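Here is the structure we will look at.
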Amino acid sequence: MKKLQGGCHCKKVRFEVEVEEVPYITNCNCSMCAMTGFIHLIVPSNNFNLLTNEDELSCYQFNSKVAQHFFCKTCGIKSFYIPRSNPDGYSVNAKCLDTKDWQQWPVEDFDGQNWEDNAATLSHLSKS
C-alpha cells in the first residue's frame, strides 16, 4: 500500500488516499462522468482522509440523492465524492492526484449508462 495526495485546481481542497501499488481504476460513461472526465479510484472510507476544512466543499446530489458529489467552492473541481455504488467509501478522481502514476495503471471501462445493471460489479471496491 502507498499513500498519495491530491486535490482541486486551486488547492483549497486537499485529501490523502491509501491505495494498492497498482490500484483498480475505471472510466465510466454515465452523463456525469463523461462530462467531467472523472477516472474512478474507489477506496474504503478508512483509506481516505480529507486534509482541509469541509467548509471549502459544496455538495451536489441528484436522482436518488444517495451519491454525494463534493466540489471545491472556489474552483468548482470535483476531486472526490461518495458514490451510490459504494456509500461506505470514496471515489477519487485519479486525474486529481499529485502524481501522474495513474496514467500507467490499467483502466477498465464501466457502463454507467446502464448503471442499475452494472453497479453491483463495483460494490466490493470500498471493502477493507
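The values are calculated or read from the model by the stated rules, or taken from the named source; none is laboratory data. None of these values were measured; they are calculated from a predicted model. Cβ atoms come from the backbone with ideal geometry, glycine included; neighbour counts cover every protein chain shown.
For the stretch 77-100, name all the residues that are free of Cβ contacts under 8 Å to residues at least 24 places away in the same chain and more than 13 Å from the chain's Cα centre (by Cα).
Within the stretch 77-100, just LYS100 meets the criteria.
Scan the stretch 7-36 residue by residue and report those that are in a loop (DSSP other than H, G, I, E, B), in contact with a strand residue (DSSP E or B) (Cβ under 8 Å, 6 or more places away or on another chain) and of a type outside the set (D, E, K, R).
Within the stretch 7-36, CYS8, HIS9, CYS10, VAL13, PRO23, TYR24, ASN29 qualify.
Residues of the stretch 89-104 being in contact with a helix residue (DSSP H, G or I) (Cβ under 9 Å, 6 or more places away or on another chain) and modelled with pLDDT of 95 or more, which ones?
Hits for the stretch 89-104 are GLY89, TYR90, SER91, ASN93, ALA94, LYS95.
Regarding ASN86, is this residue within 19 Å of GLU116 (Cβ to Cβ), loosely packed, with under 12 Cβ neighbours inside 10 Å, of a type outside the set (Gly, Ala, Ser) and modelled with pLDDT under 95?
Answer is no for this residue.
Do you know which of the residues in the stretch 76-85 that are out of contact with any Leu (no Cβ under 6 Å at 6 or more places or on another chain) and in a loop (DSSP other than H, G, I, E, B) is farthest from GLU16 (Cα to Cα)?
Per the criteria, the residue is ARG84.
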